[in-house]
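To start, the structure itself, in structure tokens.
The values are calculated or read from the model by the stated rules, or taken from the named source; none is laboratory data. Every value quoted in this text rests on a predicted model; they were computed, and no experiment measured them. Cβ coordinates were reconstructed from backbone atoms using ideal geometry, including for glycine residues, and neighbour counts include every protein chain displayed.
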Amino acid sequence: MLRRNFLKLMGALAVAPAAPGWARPKSMKPLNFVFILIDDMGWRDCGCNGSTFYETPNIDRLAGEGMRFTDAYAACAVCSPTRAAIMSGKYPARLHLTDWIPGNRKKGKLDRLAFEQQLPLSEVTIAESFKSAGYKTCFVGKWHLGGRDYYPKTQGFDVNVAGNNRGAPRQGYFSPYNLENLTDGPKGEYLPDRLATEAMDFIDSNADDRFFLFLSHYTVHSPVQAKKETIAKYKAKAARLKYDKLIFVKEGPDARNRERQDHATFAAMIEHMDENVGRVLDKIKRSGMEDNTVVIFTSDNGGQSILPYGRTAPWGSNRPLRGGKGWNYEGGIRVPLIVKWPGVTKPGSVCSAPVISCDHYPTLLEIAALPPKPRQHIDGVSLAPLLKQTGSLKRDALYWHYPHYHGSAHRPSGAIRAGDFKLIEFFENMNVELYNLRKDIREDHNLARTMPDKAGELRNKLHRWRQQVNAAMPKPNPDYTGDS
Ligand SMILES: [Ca+2]
């Protein structure tokens, strides 16, 4: 039997209901799923996406074994909405969960817009789908989708390690962490090491079961903290490269961005993250599960490259992309994505189709040969034809809706990508910017005036979509007086 067909059969068997007394023969392994979500990791923050200063051999190895997506997007430029999109398969605008929880208090010309403070329990999450199909489900790490009544165990996870309402480890990455749902480790233990260990323990204790493991690292979100010896390694590397002077982008909304990646502590933080991706991949291999474990690796939004309100120097750089976390420019929403579907994805393959966070839910259901959930993952499409290289997606556009001010200085905006073109609309004045991403990945050349027909077409499409998903728009701020 062809290997592909054999694996397909295994996928089907993975969901075949077990008859009483039926024991699965050892040769028929069910598929497991390991979803690794990194926080605030920029598209460029790994070797396989072009970084030369950061070192990510394990992520690069995964890319060499699976399919790397060059045009993968987070559903939002900040944390909670993207996480909600992954869990529900719906756009943040449709969920009315459009900002990080609890959100930015800033207003300007437009008023602050209220939004959902949790992922509603009425959503049938991807974890609930896997759990009801008999998978052991485990959540490890950052949740950030609501208060105590909305933690991972209320949304389909059997196990929750470290998931709570927090968006970052406020006390830092070295134990004691003082994080709800995580016991502190020995003093000085490093959080990414610990969370990978927790994930590996779960894999060990469920080696005989099929499982869905969601490893949601707090890293590489601020505070930027790493181990001393690794920081020293990158300080030496920066010196070797003669990176003795900071180079900032001179103009535009990302004028305070670093033009190049050169921050030693952040580079060390990336390396530790990569090491811990490697530890989990090695565990899968050593446990004999490499051929029946699907691995997804991605990030929840672009890299943070501009600090709120001019505080100290930023650490990251998303160049050649424009902007960073909090913006609808590519730097805020384009993210790394690697999918390894053993026996199916061609090792080292690269896909340039635009895909988005909402797609993971229907994709993983199809890989597991589970039925789609009616009315649930309606904004995602299964990426299976891309992963199998058997076809393209029947979708003509992707959409973003971020109707809030953000610490990066972002002002409320929405965006659409259709083919090579992307339009961003700023809600304070409804001005639009149009870019051809294929020719201008940096979004330097606004084509809105030279291509008014294209701009109009995309703007109308974006407006129609907002109506379809019932997107909430911010209202004018009655107290607004200034012009900033
Ligand atoms: Ca984030």
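Within the range 74-129, the set of residues being of a type outside the set (A, V, I, L, M, F, W, C), buried (at least 24 other Cβ atoms within 10 Å of the Cβ), within 16 Å of the ligand (Cβ to nearest atom) and outside any helix (DSSP H, G or I) comprises 98, 99.
Evaluate the following for residue 242: is it within 24 Å of residue 69 (Cα to Cα), at pLDDT 95 or above and surrounded by fewer than 15 Cβ atoms within 10 Å (Cβ to Cβ)? No, not satisfied. Quick check on residue 63: is it in contact (Cβ under 8 Å) with a residue 60 or more places away in the chain, more than 14 Å from the ligand (Cβ to nearest atom) and in a helix (DSSP H, G or I)? In short, yes.
Output the residue which, of all residues in the range 357-378 that are small (Gly, Ala, Ser) and crowded, with 22+ Cβ neighbours inside 10 Å, is farthest from residue 85 (Cα to Cα). Residue satisfying both the conditions and the ranking: 368.
(1) within 16 Å of the ligand (Cβ to nearest atom); (2) within 20 Å of the chain's Cα centre (by Cα); (3) not acidic (Asp, Glu): which one isn't true of residue 314, the others all being true? The number of the failed condition is (2). For the range 147-179, a residue qualifies if it is of a type outside the set (Ser, Thr, Tyr), more than 16 Å from the ligand (Cβ to nearest atom) and in a loop (DSSP other than H, G, I, E, B), and the qualifying residues are 147, 156, 157, 158, 171, 172, 176, 178, 179. Of all residues in the range 389-397, none are more than 30 Å from residue 425 (Cα to Cα), of a type in the set (Ser, Thr, Tyr), crowded, with 19+ Cβ neighbours inside 10 Å and more than 16 Å from the ligand (Cβ to nearest atom). Determine whether residue 205 is under 30 Å from residue 31 (Cβ atoms) and surrounded by 22 or more Cβ atoms within 10 Å (Cβ to Cβ). No, not satisfied. Residue count for the range 290-301, restricted to those that are buried (at least 20 other Cβ atoms within 10 Å of the Cβ) and either in a strand (DSSP E or B) or away from the ligand (no atom under 16 Å from the Cβ) (or both): 7. Scanning the range 27-60 for residues that are in a strand (DSSP E or B) and more than 16 Å from the ligand (Cβ to nearest atom) yields 32, 33, 34.
Taking the listed residues 453, 444, 420, the one that is under 24 Å from residue 256 (Cα atoms) and charged (D, E, K, R) is 444, with no other qualifying. Got at least one residue in the range 464-476 being assigned to a strand (DSSP E or B) and either among the hydrophobic types (A, V, I, L, M, F, W, C) or under 19 Å from residue 73 (Cα atoms) (or both)? Checking the range 464-476: not a single residue is assigned to a strand (DSSP E or B) and either among the hydrophobic types (A, V, I, L, M, F, W, C) or under 19 Å from residue 73 (Cα atoms) (or both).
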